Amino acid sequence: MFSEDLFDVPGPGSEGPGFWWSVEFAGEEGGDPAWEEERLFDLASISGAMGSEIVLEEGRPVLRAAYRSSREIGPLLAELGELLVHFPGIVLRAHGKVENRPWHTQHLDAFPPLEAGKGLLVMAPWHRDRAPEGRLPILIYPASAFGTGYHESTRIALDLLEDVVRKGDTIVDVGTGTGILFIAALKLGAAYAVARDLDPATLDEVRRNMELNGLAPILCDLAVGDLLKGVETSADLLTANILLEPNTALLPDVRRVLKPEGAAIFSGMTAAEREVFLPALSAAGLSLERELHLGDWWGCRARPARLA
């Protein structure tokens, strides 16, 4: 049922696990195929799939997504089921195991350089020689779908981040993924980062992306962590490109780590979720400073209310 030649390995010359979990999603009968295809791509990206493809079956799109074998299949399926609440009309229809096959050499052109914000350029390392004048290249190896810069929520976060980073800043990045947000901040002049992610398998990915961008490991306190638990840093900037529920759960703890004049950036939410998040933002003592929409996605920047 599953294609066996779709999904990424950790990278050239590295040793990866022997298999990936493959999960299939499809739209319910009677849905709009064009709308379903767009939502399926969003689902692959925001669920942290390592790789994905859309195939047509009897004219209807089916998403085949791959997930790291370091995740237990039971909890993974439970998490995906919870995520599908936000994707009405999409169902998880099958899952299985796929033996590891390299695909990076087949998809070098699948990740062309992508402009973000006013002066950033997200690009895969094999395109590093194509960086134009006037844009700061952020090199990200696209081993993971979420955080490559190709998803709208990541581009929203980069845009909101770009004009507030100051030389010497400390950034806390929650749900760091590929590390793209704090890497961009460091290259824009920030001095130090604290990055946390629930998935331990992302850490090597982040370290590789730091190396690609010429950033020493000492510049980041990188560890497995749940939101801001155990983080004691006093931050100038906080970023969280995660879903509505974790973003909302994060809010009561934001002012504990954020300096009074600091800024917090929240992304990974749909435009429809804006009206749910903003009251929680205000209740947490944060004031909206700027917001952005890109496609169906929405994000915002806020500051402690008394200085907003």
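The values are calculated or read from the model by the stated rules, or taken from the named source; none is laboratory data. The shown structure was predicted, so the numbers you read here are calculated from the model rather than taken from an experiment. Cβ atoms come from the backbone with ideal geometry, glycine included; neighbour counts cover every protein chain shown. When the accessible area is computed, the model is the full protein with side chains, heavy atoms only, and any ligands, DNA or RNA have been set aside. Shrake-Rupley method; radii C 1.70, N 1.55, O 1.52, S 1.80 Å.
Taking 0.36 nm per residue of separation and subtracting the Cα-Cα distance, full extension of the segment from residue 261 to residue 78 would add 62.0 nm. Among 243-252, 86-95, 190-199, sorting by the average number of other beta carbon atoms lying within 10 angstrom of each residue, highest first, gives 190-199, 243-252, 86-95.
For the range 172-284, the fraction of 1.4 Å probe accessible surface lying on carbon and sulfur atoms is 59 percent.
Average accessible surface for the chain: 43 Å² per residue, computed with a 1.4 Å probe over protein heavy atoms with every protein chain in place.
Straight-line cross-link partners of residue 229 among the aspartates and glutamates, defined as a Cα under 19 Å from its Cα and at least 8 positions apart when in the same chain: 173, 197, 199, 221, 245, 253.
Extending 7 Å from the Cα toward the beta-carbon at both residue 28 and residue 224 defines two label points whose distance is 3.6 nm.
Helices that extend 24 Å or more along their long axis by alpha-carbon positions and average at least 0.5 on the Kyte-Doolittle scale are absent among the DSSP H runs of the chain. Note on residue 130 and residue 167: the model spin-label points, each 7 Å out from Cα along the C-beta direction, lie 3.3 nm apart.
The slack in the chain from residue 38 to residue 234, taken as 0.36 nm per residue of separation less the alpha-carbon distance, amounts to 66.6 nm.
Measuring how big the range 204-257 is from its alpha-carbon positions, Rg and Dmax come out at 13.0, 35 Å.
The packing ranking, built from the mean of other Cβ atoms within 10 Å per residue, places the peptides 114-124, 214-224 in the order 114-124, 214-224, highest first. Normalising the Debye intensity of the range 170-268 to I(0), with uniform scatterers on Cα atoms only, and taking log10 at q = 0.22 Å⁻¹ returns -1.14. Largest GNM mean-square fluctuation among 112, 33, 75, using the chain with Cα springs under 10 Å: 75.
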